Structure formats: structure tokens, C-alpha cells
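To start, I am sharing the structure in question, which I have written as C-alpha cells.
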Amino acid sequence: MSPDALAAAGNAFDDSLDTYFRNGLADADGDVAALIRAEGDRQSRGIELIASENVVSRAVLEAQGSWFCNKTVEGYPGARYHGGAEIADALETLGERRACALFGARQANLQPHSGSQANLAVFSALLKPSDPVLGLDLKCGGHLSHGSSANISGKVYDIRAYGLRPDDGRIDMDQLRDAARKHRPKLIVAGGSSYPRELDLKGFREIADEVEARLLVDMAHFAGLVAGQVLGNPVDYADIVTTTTYKSLRGARGGMILWNDEGLSRPLRSAVFPGVQGSPLLHMMAAKAVGLGEALQPAFKDYARRVRNNARALADEMMNCGLKVVTDGTDTPLILVDLSGLETDGQTASDALAAIGITCNKNLIPNDPRPPSTASGLRFGVSAMTSRGIRESDIRRVGRWVADCLLGRMQDTGRVRQDVERMARSFRYYPMP
Ligand SMILES: *Cc1c(COP(=O)(O)O)cnc(C)c1O
């Protein structure tokens, strides 16, 4: 058969083209569509207190699923390796401009696929293998990507740790200064994944200056509170700031790097691409730009204030009910509950809470005797529920449920499960298909 005759006879591929471009997920793939619906239902009827989660706007969701996912570029605006990049250039430039405006930075890179990728890029831009780095001990709330032996950062660089003051659980700035003088790190890392208090940014800067180290602040958990001007801005103190864009900042899944010094621009940009990544995810870039645009609106300041008020109210209610909260409160969206005096561990406790519809995660407490797989703490965050509209009186009620559950005071878990669901469904969520 000639090629044309073959085409005229049709084949399965040609026949599929109509539905390929026309059918939505519900028609194209019932299995995955059902799972997505089930996940939406789960999210709408639970009280979500996992500190790294949030609920993005419908607009951010739409951008994530946009035609930009078809485009690859490589490189940076004006210097791409692929053609047809003019619109992608405009998008990336818009996103960078919004990030700079929001955080008062001169430079931004929105390409990192995640927070860990952003940190890896910064490490590789500033350091040679085996260079000394000083970061918050993972056991005291540091992040895996700041030098855990299980992470590439801990395998390639000479990681030294600083910790917390035993009496109040705050970062021990004296120990940090002593460690900095002793180890002469090239890089000091501030920020972590379960440290609930505001950082002493000025103190970090002074110590970094004294030992001529660069200062990296990883603001992943509290970036939304910086954007909303509830917390001090690390960009004013650090050489480089990294963050995730999806935690309290409430945007697309991914990471971002901010800095002021022009001299860092080349090494940082080339560390992201081609250093640790290939083509950026432009649909996520679009969604990052949308989220940053939202964070520039006046309503975001109210959101950030409410996140902090809700976090403090939840910590306060938990303590009133007899739970131990690390540092006796919080300045950020997150709360760390210390279970060490109780007859439960983090795994058992988070399972018990999940059974009544409240999700959080097990977490090490400072100097935890248990391994991370069970842990003696629970980490809570209020960013997601605040996005759905929860207010102080209801978050306090949630705090009482958590305390009753953990302290073995809950009589009728079935009824509480229903009350939790009723409350959760009373808050806003996307229209369900
Ligand atoms: C969440 C987090 C990250 C990592 O983010 P991923 O997107 O999961 O890679 C890095 N640093 C800190 C402090 C975090 O809290």
C-alpha cells in the first residue's frame, strides 16, 4: 500500500486524535479521575494540619495544568537553547519580577523544582566538595537538605551542626558562634523544618561576618509570613535566601532562590541549570507567578496575620489542655508538640489523630531518644486550614480534640470523627465535579 492509501484506510492512532484533544480526564481515564475525586473528598472532609501543606487557589491549580507543560526551554530568558521561547521568557521574567517585588530582592531564580533542589544548587554554587558548612542539627529541627548524612549535602560537604539551648529550646547563638569560630565554615545555614520560632537574623549575620562565611537562610516554612510582613525579611540579612513556594507562601509546588549581590548571579544561575537541573517546569513557573501575584495583594497580609494568630491560638489551647509544646508557643505557622511525658510515640499518636480525621506528622523533638520512624513529637501547621477560612474559635476546638485524643480523654471517637468532618465541611473548598 502507498503511504496515502495507508493513511486513507485509517489506523488506531488517527482515530484516537479527536478524543486525545477533546476528552477530559473523566472520559479519558476513569480510574485516575476517581482517585482524584476521592482525594478532593478526603481533603474537604478532614482537618489538615500537616505543616508543609496548603490549599492553593483555583487559579494556581489551573496554571499548573496549563499548556505551558508542553514547552521545554533550558537556560534563562534571552539565552535559551530551544526556540519558540519568547512567551516563556516573558513568563519567567514576570515571575522573577513578582518575587523580587514581594521580598525586596534584586535577583530571583524560580527554576528549582523543589526546596531541596534550590538548596543543592546553592551549596554547589558556593562550595567545593569537603568545604565546611554549619547548619541546624537535624535532630533539633534542621532540614535533610542542610547536611543530613542521608542526603547528598551530607555526603559531599563537611557538615557541622549547631543546636538548641536545653532550657528553652531556642537556637543557641553562643554555641553557634563558638562552632563558627572553631570550624570556620564557608557557609552558615539558618532555617529548618520544625523550628517554631523567629530566627535572630541579625545575630546570624554578625556571626557569619565574623568568620567570613556566607549566610543562607532557608525560609521554606515561614516565607508566607515574610511575604505578609508578619516576620522579619531574611533577604535584608542573608547572602542568599531559599524557599519552597508551596508551604505558607501558598503557591505552586517548587522552590525559589533570592539574592541581592550581582556577583552571585552567574554561579547561582548556572548551579541550577545546568548544574543540578535541566529544563524548568514552565507550567509550575506559571503557577509560581500566579501565587506570587496573589501574595502581592493586600488580602495576603490578612492571610499571613491570620496564620500567625491561628498558630498561636492552637498552641495556646493545646498547652491549656495539658500538652507540652516545644518553646511554649510559636512565631511561625508551625507547632511542635512534645509527647515524651506520655505513653505514646509520634507514630501511634498521628495514627490516632488520623482516625478522627485530623492529619499531622510525627516529628523528632530536640534530643529525641526515639528514631525518626517513631519519634516523640508531632508537628502541626495551620497554613492549609487558614486558607480554607478557619478562625480562632474553631482552631481552639481542634486543639481540644487533639489534646483529648493524645491524653486518652476521648470517650466517643466515632462521634468526634463526625464532628471533625462536619467542621471541615463547613469551610470552603473547590467546587467538586
Ligand atoms: C520543606 C523544606 C524543604 C524542602 O522542600 P521540598 O520541596 O520537599 O524539596 C527545604 N527546606 C526546608 C527548611 C523545608 O521546610
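Condition check ((1) within 17 Å of residue 187 (Cβ to Cβ); (2) basic (Lys, Arg)) across all residues:
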| position | (1), (2) |
| --- | --- |
| 95 | no, no |
| 98 | no, yes |
| 111 | no, no |
| 139 | no, yes |
| 148 | yes, no |
| 158 | yes, no |
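Yes or no: residue 130 under 19 Å from residue 371 (Cα atoms) and surrounded by fewer than 22 Cβ atoms within 10 Å (Cβ to Cβ)? If you could, list the steps in order and put the result at the bottom.
Working: under 19 Å from residue 371 (Cα atoms): no; surrounded by fewer than 22 Cβ atoms within 10 Å (Cβ to Cβ): yes.
When the stated conditions are applied, residue 130 does not pass them.
Another one. Is it the case that residue 86 is more than 23 Å from the chain's Cα centre (by Cα), charged (D, E, K, R) and within 25 Å of residue 252 (Cα to Cα)? If you could, list the steps in order and put the result at the bottom.
Working: more than 23 Å from the chain's Cα centre (by Cα): yes; charged (D, E, K, R): yes; within 25 Å of residue 252 (Cα to Cα): yes.
For residue 86, the condition - more than 23 Å from the chain's Cα centre (by Cα), charged (D, E, K, R) and within 25 Å of residue 252 (Cα to Cα) - is met.
Now for a separate question. Answer with yes or no whether residue 72 is over 30 Å from residue 356 (Cβ atoms) and either part of a helix (DSSP H, G or I) or free of Cβ contacts under 8 Å to residues at least 40 places away in the same chain (or both). Give the steps one after another, and end with the answer.
On the way: over 30 Å from residue 356 (Cβ atoms): yes; either part of a helix (DSSP H, G or I) or free of Cβ contacts under 8 Å to residues at least 40 places away in the same chain (or both): no.
No; evaluated as a whole, the condition is false for this residue.
Also, I was wondering about something else. Considering the range 165-182 alone, what residues qualify as being crowded, with 19+ Cβ neighbours inside 10 Å and over 13 Å from residue 204 (Cβ atoms)?
Across the range 165-182, the qualifying residue is only 169.
Also: Would you be able to tell me the number of residues in the range 322-344 that are in contact with a Lys or Arg (Cβ under 6 Å, 6 or more places away or on another chain) and surrounded by fewer than 21 Cβ atoms within 10 Å (Cβ to Cβ)?
The qualifying residues number 3.
Do any strands (runs of 3 or more DSSP E) entirely within the range 211-283 hold 1 or more residues that are away from the ligand (no atom under 12 Å from the Cβ), more than 15 Å from residue 198 (Cα to Cα) and without any contact (Cβ under 8 Å) to a residue 60 or more places away in the chain, and if so, which?
Working: elements: 214-218, 240-244, 255-259.
Because the criterion is at least 1 residues that are away from the ligand (no atom under 12 Å from the Cβ), more than 15 Å from residue 198 (Cα to Cα) and without any contact (Cβ under 8 Å) to a residue 60 or more places away in the chain, the strands (runs of 3 or more DSSP E) in the range 211-283 that meet it are 214-218.
A further question on this structure: Looking at 379, 396, 415, 370 in this structure, which one is among the charged types (D, E, K, R), in contact (Cβ under 8 Å) with a residue 12 or more places away in the chain and assigned to a helix (DSSP H, G or I)? I'd like the intermediate steps shown before the answer.
Numbers: 379 fails: assigned to a helix (DSSP H, G or I); 415 fails: in contact (Cβ under 8 Å) with a residue 12 or more places away in the chain; 370 fails: assigned to a helix (DSSP H, G or I).
Being among the charged types (D, E, K, R), in contact (Cβ under 8 Å) with a residue 12 or more places away in the chain and assigned to a helix (DSSP H, G or I) holds for just one of 379, 396, 415, 370, which is 396.
Residue-wise test of (1) without any contact (Cβ under 8 Å) to a residue 60 or more places away in the chain; (2) polar (S, T, N, Q); (3) surrounded by fewer than 17 Cβ atoms within 10 Å (Cβ to Cβ).
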residue: 84; (1), (2), (3): yes, no, yes
residue: 90; (1), (2), (3): yes, no, yes
residue: 107; (1), (2), (3): no, yes, no
residue: 134; (1), (2), (3): no, no, no
residue: 137; (1), (2), (3): yes, no, no
residue: 156; (1), (2), (3): yes, no, no
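Do any helices (runs of 4 or more DSSP H) lying entirely in the range 88-204 carry at least 1 residues that are within 16 Å of the ligand (Cβ to nearest atom), over 17 Å from residue 239 (Cα atoms) and at pLDDT below 95, and which ones are they?
Filter on the range 88-204 gives 152-156.
The values are calculated or read from the model by the stated rules, or taken from the named source; none is laboratory data. Predicted model, so just to flag it, every value in this text is computed and none were measured. Note that we place each Cβ from the backbone using ideal geometry, even for glycine, and neighbour counts take in every protein chain shown.
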